[in-house]
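Okay, so here's the structure we're looking at.
The values are calculated or read from the model by the stated rules, or taken from the named source; none is laboratory data. Just so we're clear, the structure is a prediction, and the values are computed from it rather than from any experiment. Cβ placement follows ideal geometry from the backbone for every residue including glycine, while neighbour counts extend to all protein chains displayed. Surface accessibility is based on the protein's heavy atoms, side chains included, excluding ligands, DNA and RNA. Shrake-Rupley method; radii C 1.70, N 1.55, O 1.52, S 1.80 Å.
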Amino acid sequence: MRILLIEDDQLIGDGLNVGLGKLGFVVDWFCDGEEGYEAVFQAPYDAVILDLGLPGRDGLSILKDWRAGGRREPVLILTAQGDVDQRVAGLDSGADDYLPKPFALAEVAARLKALGRRHNNHLEPVINLGRISYNPASKVVTKDGEPVSLSPKELLLLELLIVNRNKVLSKESIENKLYSWEDEVQSNAVEVHVHHLRKKFGKGIVKTINKIGYTLGEI
Ligand code: CA
């Protein structure tokens, strides 16, 4: 999942950026409210973590304007412990969930995954595709019933192909989901991940659509 993080507290922001990155999330971190507001228009985010008290522009105003403009990205707001008014105002402004500070990284990750699932209408607990099955909650992928070990990027790519299984994805749109602005992306990065998926699942798993992109194949 590519996450937009808007948080001006250096300690919290750094902890989320690094911690979520280690858990396989792709994170873009902004400290300034105005920059964070603009960022949502620049990349395809699966969810947003939004602090409320921010320099430049406060979180509630950001959220209200996104929703008024039709942005539907799931938003998790960070609220002060025990502040019921903040929580209510956030949910009223279009937040999907809230988390009081301080919080545990594992909880943030779990909430983000739940938001992503709801957003993608992933209500099926396990998705079965021929010889492959994929569990969106546990992230376990099996082939012929045996778990397959995947790197975080391979898992992201496979999830992307599964969620969009009737569409062709361009190389650029895949890169935008797999990498943050800070990542240095090799020009053949997507091809390399596709190659690894084919090695692990069989050649047919990813179909190359000439000059357009990739789509999920069959095995
Ligand atoms: Ca703050």
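In the condition set (1) within 16 Å of the ligand (Cβ to nearest atom); (2) surrounded by fewer than 21 Cβ atoms within 10 Å (Cβ to Cβ), Asp65 is compliant with all but (1). Checking each residue in segment 68-110 for being open to solvent by less than 60 Å² (accessible area, probe 1.4 Å), more than 16 Å from the ligand (Cβ to nearest atom) and touching a Lys or Arg at 6+ places or on another chain (Cβ under 8 Å) picks out Pro74, Ser93, Gly94, Asp97. If you go through segment 23-40 and keep only what is in contact with a helix residue (DSSP H, G or I) (Cβ under 9 Å, 6 or more places away or on another chain) and away from the ligand (no atom under 16 Å from the Cβ), you end up with Leu23, Gly24, Phe25, Val26, Val27, Asp28, Val40.
Here's a check for you: in segment 111-131, which residue that is open to solvent by less than 30 Å² (accessible area, probe 1.4 Å) and touching a helix residue (DSSP H, G or I) at 6+ places or on another chain (Cβ under 8 Å) is nearest to Gly53 (Cα to Cα)? In this case the residue turns out to be Leu112. Taking segment 20-66 as the range and being part of a loop (DSSP other than H, G, I, E, B), under 16 Å from the mean Cα position of the chain (by Cα) and of a type in the set (D, E, K, R) as the test, only Asp46 passes.
A Cβ distance below 6 Å, combined with a sequence gap of six or more or placement on separate chains, defines the contacts here; from segment 68-95, residues that are closer than 20 Å to Ala39 by Cα reach residues that are of a type in the set (D, E, K, R) in the pairs Pro74/Asp96; Val75/Asp96; Leu76/Asp97; Leu76/Arg111; Leu78/Asp51; Leu78/Lys101; Ser93/Lys64; Gly94/Arg67. Once segment 41-62 is narrowed to residues that are aliphatic (A, V, I, L, M) and in contact with a Pro (Cβ under 9 Å, 6 or more places away or on another chain), the residue that is farthest from the ligand (Cβ to nearest atom) is Ala47.
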